[in-house]
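S.K.: The structure is given below, and queries will be raised subsequently.
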Amino acid sequence: MAAAVCPPPNISHKESWALLKELTALENTHPPSPTAPGNHRVLRIGHRGAAGHAPENTLAAIRRGIALGSDFVEVDVQSTRDERLVLMHDTFVDRTTNGAGLVSELTWAELQRLDAGNGERVPSLEAALAAASGHAGVILEAKTPGIGPAIHRAVQASDFSGPVIYASFLHADILAIRSIDPLARTMALIESIPPAGVAFARDANATLVGLAIDSAAPGFIAALHNAGLEVLLYTVNEPSLIRTAIHLGADGIISDYPDRVPKTLPA
């Protein structure tokens, strides 16, 4: 683990936070050659908390991901009818709860009456940040179009301590976050290799790319690294695919079973 970065005294909390984010971004800048001699650091990232061990996108999953040594826990964020930010992957609540209906058409109070698995409740983004604070970084995936800035505001208003990555397949959302906060770390998610190569990441002003393991190709990953982008591969559960992701030079591996991802590999 890298040493903690301490801001200089006599600066405001806001200035301290900005400085910390800037130094964290510099600290995490990817070297020109990810396979250069020396130890290759692989981020261990719990998918939807640690979905292989606990109900996805719940506080139990976040805590389990932390207990398993995740560097980051990834969660999905949507907005309710009354504009509360909550953790939920699907547009409908049917698959992961004992309820039915669109997340966007349910209120916060209605969601709180649902069982999200093993007696867990659908958590708010604020509760998720509090659970992870000081224990792991968070990757916050915006699922609802236009929600990115609201997620950023919620993080800024919280007391969260740790690195934050804002992610989305909705690249306009992460672009909006970077326009608000040029120091923010943002991840453009894609399912397949685009015809225009790495241009999508430049257009989204992203600092990282999240790529499906099924579409990971050595040449494309090398091109992303050469463009100064970190590459996280998802959702990688099988040990053989985890080894493949490492061989491809992934900077981080997003898995339902984060405990299967080794953090450091010998050269």
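A short reminder: the numbers here are calculations on the coordinates, not readings from a lab. Fair warning: this is a prediction, and the values are worked out from it, not measured in the lab. Here the Cβ is made from the backbone with ideal geometry for all residues, glycine too, and neighbour counts use every protein chain on show.
S.K.: Can you tell me what share of the DSSP beta bridges in region 92-205 is antiparallel? A percent to the nearest 5 is fine. Intermediate results must be reported in sequence, preceding the final value.
M.R.: On the way: 1 of 9 bridges.
DSSP beta bridges in region 92-205 are roughly 10 percent antiparallel.
S.K.: Still on this structure: List every residue whose amide H lies under 5 Å from the amide H of I165, counting only residues 5 or more places away in sequence or on a different chain, with H placed 1.01 Å from N in the peptide plane.
M.R.: So I165 has HN proximity to V138, I139, L140.
S.K.: List the relative contact order of region 163-267 as a percent without decimals, with contacts defined as Cα pairs under 8 Å and 6+ residues apart.
M.R.: Working: 167 pairs, mean separation 19.7, N = 105.
Value for region 163-267: 19 percent.
S.K.: For region 57-72, just list the computed ³J(HN,Hα) in residue order, Karplus coefficients 6.51, -1.76 and 1.60, θ = phi - 60°, integers in Hz, with x standing in for Gly and Pro.
M.R.: Calculated HN-Hα couplings, in order: 6, 10, 5, 4, 5, 4, 5, 5, x, 5, 4, 8, x, 5, 6, 9 Hz.
S.K.: For each of T107, T207, T58, count neighbouring Cβ atoms within 10 Å of the residue's Cβ, then give the residues from fewest to most. Write out the running numbers ahead of the final one.
M.R.: Details: T107 12, T207 23, T58 28.
Listed from fewest to most nearby Cβ atoms, that is T107, T207, T58.
S.K.: Would you please give the FRET efficiency between D214 and A67, computed as 1/(1 + (r/R0)^6) with r the Cβ-Cβ distance and R0 = 30 Å, to the nearest 0.05? Provide the component values of the computation, followed by the final result.
M.R.: Values: r = 29 Å, r/R0 = 0.97.
Taking R0 as 30 Å, the efficiency between D214 and A67 is 0.55.
S.K.: Sticking with this one: Expressed in nm to one decimal, what extension gain is obtained for the pair H247 and L265 from 0.36 nm per residue of sequence separation less their Cα-Cα distance? Working shown, then result.
M.R.: Numbers: separation 18, 0.36 × 18 = 6.48 nm, distance 1.03 nm.
So the chain would gain 5.4 nm between H247 and L265.
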